[in-house]
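K.L.:
Please find one structure pasted underneath; my questions will follow.
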């Protein structure tokens, strides 16, 4: 049975708004409630859908035995006072579709939803999940003008989790002993770092041959596309929701978790004016610190190549939004 949190005992219930209640959003809402972390507002443009999901989640409380409330709505006013706003709204990928092909449609959705949500919750931390992730995070920041530490893209957590899973599967070891890290953009140019990925502290470069590591790296880069191809009618949602939950929990419980997320860089890694995946400490104030790892020339070149593509897509998105 879930135990009451400190905030509950003090009479305060954190509030998380999830915009877009497809499979990622609804799964995230379920996790937040069942772990007794926060009250949840589900917002979607489809009348009846968020209300129905909220009622379904409320009816499950007698079984999961938590004290959290769920509200379903199409009205942004009902999201007022949120501590965290998670944007999952947007068109999902279809078979054969790259993340970047989603640019035109999702740019307009993210800008509008971010503006509307922050108008009612000006002190909230914004977590962007919509793809193409790095570009959408930048656009959400520009649209809201929030302090950069309060705008975060969920990417590196998911990509690292995939790399972690593939390493554990390859070696046949407990995933609890595997730590992995992936930097860069959330796409084909992401930068997994085998040197910094370990099994109980041992770098995987000492446990797996180079050819196998290359195969696992490539599978990580194609991790989302592999699931899209298998499912045909949808895309991943369990792992993305779990990754987002980790970030929400780290913020609400002020855990100062060291995880890679899409954060705003102002000179770190030689990059400026861009949101891209880097290792950070996240806690109650959002991104509390960006850590600069010592990268090889090849790794820094790969990170800069990913950043170049992100910047190109940002300019393309700006052009589309201007028309």
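The values are calculated or read from the model by the stated rules, or taken from the named source; none is laboratory data. These numbers were taken from a predicted model, which means no experiment stands behind them. All Cβ positions, glycine included, derive from the backbone under ideal geometry; neighbour counts span all protein chains shown.
K.L.:
Please pick out the residue among 234, 224 that is part of a helix (DSSP H, G or I) and in contact (Cβ under 8 Å) with a residue 60 or more places away in the chain.
P.N.:
224
K.L.:
Condition (residue is more than 21 Å from residue 148 (Cβ to Cβ) and assigned to a loop (DSSP other than H, G, I, E, B)) applied to segment 108-115: is it met by at least one residue?
P.N.:
No: zero hits.
Residues are listed down the side, and each one gets a yes or a no for (1) over 18 Å from the mean Cα position of the chain (by Cα); (2) at positive phi:
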site	(1), (2)
71	yes, no
81	yes, yes
85	no, no
106	no, no
111	no, no
139	no, no
151	no, no
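K.L.:
Here's another thing I want to ask about it. Please work out which one of (1) in contact with a helix residue (DSSP H, G or I) (Cβ under 8 Å, 6 or more places away or on another chain); (2) over 24 Å from residue 27 (Cβ atoms); (3) modelled with pLDDT of 95 or more is the condition residue 311 fails and give its number.
P.N.:
Unmet condition: (1).
K.L.:
Within segment 87-102, is there a residue that is in contact with a strand residue (DSSP E or B) (Cβ under 8 Å, 6 or more places away or on another chain), modelled with pLDDT of 95 or more and outside any loop (DSSP other than H, G, I, E, B)?
P.N.:
yes
K.L.:
Kindly list the number of the only condition in (1) surrounded by fewer than 24 Cβ atoms within 10 Å (Cβ to Cβ); (2) over 10 Å from residue 275 (Cβ atoms); (3) within 18 Å of the chain's Cα centre (by Cα) that fails for residue 121.
P.N.:
It fails just one condition, (3).
K.L.:
Considering segment 247-283 alone, what residues qualify as being more than 14 Å from residue 184 (Cα to Cα) and in contact with a helix residue (DSSP H, G or I) (Cβ under 6 Å, 6 or more places away or on another chain)?
P.N.:
Matches in segment 247-283: 257, 282.
K.L.:
For segment 296-314, what are the residues that are over 22 Å from the mean Cα position of the chain (by Cα) and either touching a residue at least 40 places away in the same chain (Cβ under 8 Å) or loosely packed, with under 14 Cβ neighbours inside 10 Å (or both)?
P.N.:
Result: 296, 297, 298, 299, 301.
K.L.:
Continuing with this model, one more query. Among the listed residues 182, 167, identify the single one that is over 30 Å from residue 284 (Cβ atoms), in contact with a helix residue (DSSP H, G or I) (Cβ under 8 Å, 6 or more places away or on another chain) and crowded, with 24+ Cβ neighbours inside 10 Å.
P.N.:
Criteria check complete, one pass: 167.
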